[in-house]
Amino acid sequence: MLHRMWKLAAVSLLSLAAASAQAAAVIGQPAPDFSVSNANGNPVTLSSFKGKTVVLEWTNHLCPYVQKHYDKSGNIPALQQAATADGVVWLQLISSAPGKQGHVDGATALQLNRDRKAVPTEVLLDESGQVGKLYDAQTTPHLFLVNADGVLVYKGGIDSIKSSKAEDIAKAQPYLKDALAAVKAGQQVVNAATAPYGCSIKYAG
Amino acid sequence: MWLRLFLGLLLNLCALPAIADAQASAATDQVQARLLVDHQVVSPGQRLRIAVQQKIIPHWHTYWQNPGDSGEATQIRWQLPSGVEISAIEWPAPQRFVLGPVTNYGYSDEVSLLQWLSVPADWPLGQPLQLQATVDWLVCEEECIPQSVQLALRLPVAASPVNASAADLQVLSTSEARLPQPLPFNGQLQPDPTGGYQLAVSGLPADVSLTDSYFFPSRWGLLAQSQPQRWQLQHGVLSLQLPAGETPLQTGAVLDGVLLLSEAGAGPRGYQLSVTMAAASSGELLPVAAPSADTNMSTTLALLLAFAGGFLLNLMPCVFPVLSMKALALLAHSQQPLVEQRRHGWAYTAGIVLSLLGFALLLLGFKAAGTELGWGFQFQSPLFVLLMTCLLFAVALNLSGVYEITGRLNGAGQALAAQQGYRGSFFTGVLATVVATPCTAPLMAAALGFAMTQPPLTLLLVFVCLGLGLASPVLVLSYWPALQRRLPKPGPWMLVFRQMLAFPMYGAAIWLGWVLAQLQGADSWSWLLMVLLLQSFALWWLGQSQQRAGTFWQPLTALVLLVLGLIWGVLQLKSVASEQTTDPLVSKKGAQHAGPAFEPYSDARLAELRAAGTPVFVNFTAAWCLSCLVNEKVALSTTQVQQAFSERGVVHLKADWTARDEHIRQTLARYGRSGVPLYLFFPAGQRDAVELPQILTPDLLVRTVSVVD
């Protein structure tokens, strides 16, 4: 019996170690794959977009920093428009846990995007926070860019000025926009890892 | 109603004078902001201390210059008359706020951001100085609100300045005291083999005892802010292992920020630190705490381990008889309806879980009162050990059949099956818990060590899981009668078995008596045996009365005798304890029981030996820790191991935690432990200690000391 308990403990320890050894989001490394439901309840898998550039955008419509780039300026909707027109896949992720700020059902998420003229390719509902934690996403907004080979080429903030004021957008260095342009031109992203800023993601627990 | 109106009016009237220095303060729902200056009348050419004070409601926080993984630093934008100059913000040392995978740096309750303001030398006398600032901040609990206020101040200018009010000066001086000081020690930074950095701060007083240490990087990207920083203090050298951030430091780059050191018995103190990254050195590296997975264990794993640990406790020599008693009782109940058996199972579980929760609450209470205790702390109290000895002895006498436990004092002897009501089951659970504590099973140490560092709710949950684990065999048995059928049929053998079980119980009582002798000196044996003799007589007398139903005075005298005996024992305890305070050597002498050759542990001795390149084995132990004693007997003191130690020149340092010892508790805490045993091996000339499992074998020890050469 004792022996079996030890075995059990060892197995649980091992599986924990395996989970933590799982690929994290590292620049220049393959972006960790995931599969998660979209707003219509259909599963969406990252690896199915191989061959296309993919943007991962963590969001929470009630966060003042998200509102800065949506409601107050239209900055992110404009970026989505331009990027998707270029054939980029834009995945909007919501990792707020049920009962926490920013958690919405699929219909509400889609309605919010219509209201804000936002045009992501998909809205992904990650209420368990699994994808968020896989990428170590910390803030809303927090952005990741995956190139056509499935390699992570950018992670960080949407731009360089950490503020909730829309008037700062024009003065800021647009990190994500620059990264998208570099990928399109087949160049190296200059600032590949920048400081994300915004509200903390309202994970479960 | 009228009263409220009147009060409101009165308040408004009182507020009127404040309007005169309009908007020196402003408030949002979460933050009250105020502009403060150290003079209320200033003169030309003067340098003024000026501050923006934020008073923040409970549970909310604003941010430091580096807000951490999310958040935003407070900003102050001044509109000043030309010629007036203002210095950069000086930030008081921040605090850490951890929310899942996000770590933030900021302030709760109250903070004042300090600046220096220079009045031009040619400022005309009589012309007031008009200062105005826009202050933007983000205030967060879990959700965040960006806020912005306007603050303004008009300062009269005259030839002779006038100090601000005593209250304002007090606020300013308190804030000054919270500013990080220049580091009076030497700092060194170099890459670490794990990909992070190693920061060594030397020159700390040799006797300093730190409870925590944390480095706050001045900007994002330098460090992985949400990963733990491991630290170790040895011989006045503080070593920190810092995890690299997204933009790693190159050789020659500068790491700057605030080093926060918390000293035992004093508040945390911040030091300004700025160190240049040295090239990786192949030479002498400073020792850093062996990475201990326990500190960043997930809650789920801790709960699982607690459950498993609780389960293992059932096999310990002091618990097994109690468990067997319970199993026997269940067997005896097997004719009863299933519902009733299950109720017994749950009553037993409730007894265990509630008494463990009691322990946990006690721990929390001590923690709140500022006394940090480790697991097993009960056995550092001689009173507890004495009462436990008597209790185990009483249980043993009961198992031997000297007397029966009944609801009523004069109740006649009843059948084994009948005597156990739900109350009986409940108290069997309590008993199992109480006797289980010294046998902290191997898996439990990690879970409990984790629990001690967690918020109260997690700590309580860990204890609940521990209890469920301990209760699980009986609970399972009560739910699946099929399992019961596998056990032998009830019969006369049960009585024999029960009497047999008394002997491990007597053994446990002897062992506890020995623990008491370690705590109180060897002569405590004599009076303890007297107490036990009295107890056995009283209980035998009780047993006699139980066989002849009816009399009342007999059990009563038995009870009185029992209580008198205990009181006498407790009084003995006091007298020995007071002698001990005059002569601290008494306990020390007592604590040195026979065993392998060793030296007493101290940080200084360890550092000295390590500096000399001597391999060191550190043994954290206590007389009341059963697994420690077993390890010492079957592994450490074997000739095979002793020979290996002396061949390799390994020095055995022993940290004896039998009595309370704050220094040893802190050392254990540094390795993420809250109790003993802990075994560390420091190989000669190597940086990290090897942590050995909690069950030692001679082979393992010999292999450990040999392989590392």
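The values are calculated or read from the model by the stated rules, or taken from the named source; none is laboratory data. Owing to the predicted nature of the structure, the values given are computational and were not obtained by experimental measurement. Cβ sites come from the backbone with ideal geometry, for glycine too, and all protein chains shown count toward neighbours.
Does B:ALA689 qualify as being buried (at least 19 other Cβ atoms within 10 Å of the Cβ), in contact (Cβ under 8 Å) with a residue 40 or more places away in the chain and in contact with a Leu (Cβ under 6 Å, 6 or more places away or on another chain)?
For B:ALA689, the condition - buried (at least 19 other Cβ atoms within 10 Å of the Cβ), in contact (Cβ under 8 Å) with a residue 40 or more places away in the chain and in contact with a Leu (Cβ under 6 Å, 6 or more places away or on another chain) - is met.
Counting only residues that are crowded, with 17+ Cβ neighbours inside 10 Å and of a type in the set (Gly, Ala, Ser), which one in region B:67-83 is farthest from the other protein chains (Cβ to nearest Cβ)?
This residue is B:GLY68.
B:ALA432: assigned to a helix (DSSP H, G or I), farther than 27 Å from B:THR211 by Cβ, more than 18 Å from the chain's Cα centre (by Cα) and at pLDDT below 80, yes or no?
Yes, satisfied.
Out of the residues in region B:643-662 meeting the condition of being at pLDDT below 80 and touching a helix residue (DSSP H, G or I) at 6+ places or on another chain (Cβ under 8 Å), tell me which one is farthest from B:ALA517 (Cα to Cα).
Looking at the filtered set, the residue picked out is B:ARG660.
Before we move on, is B:LEU223 modelled with pLDDT of 85 or more, buried (at least 21 other Cβ atoms within 10 Å of the Cβ) and closer than 17 Å to B:THR667 by Cα?
no
Looking only at region B:129-188, filter to residues that are among the acidic types (Asp, Glu) and within 14 Å of chain A (Cβ to nearest Cβ); which one of those is nearest to B:SER108 (Cα to Cα)?
Among residues in region B:129-188 that are among the acidic types (Asp, Glu) and within 14 Å of chain A (Cβ to nearest Cβ), the one nearest to B:SER108 (Cα to Cα) is B:GLU141.
Identify the residue in region A:64-85 that is within 14 Å of another protein chain (Cβ to nearest Cβ) and touching a Pro at 6+ places or on another chain (Cβ under 8 Å) and, among all such residues, is farthest from B:LEU138 (Cα to Cα).
It comes out as A:HIS69.
Scan region B:211-264 for residues that are part of a strand (DSSP E or B), under 26 Å from B:LEU609 (Cβ atoms) and aliphatic (A, V, I, L, M) and jot them down.
B:LEU233, B:VAL237, B:LEU238, B:LEU240, B:LEU261
Suppose we keep only residues that are more than 29 Å from A:ILE27 (Cβ to Cβ) and in contact with a Ser or Thr (Cβ under 7 Å, 6 or more places away or on another chain) within region B:189-212. Which one would you say is nearest to the other protein chains (Cβ to nearest Cβ)?
Once the filter is applied, the top-ranked residue is B:ASP212.
Suppose the filter is assigned to a helix (DSSP H, G or I), at pLDDT below 75 and either among the aromatic types (Phe, Trp, Tyr) or crowded, with 16+ Cβ neighbours inside 10 Å (or both); does B:GLN378 pass it?
For B:GLN378, the condition - assigned to a helix (DSSP H, G or I), at pLDDT below 75 and either among the aromatic types (Phe, Trp, Tyr) or crowded, with 16+ Cβ neighbours inside 10 Å (or both) - is met.
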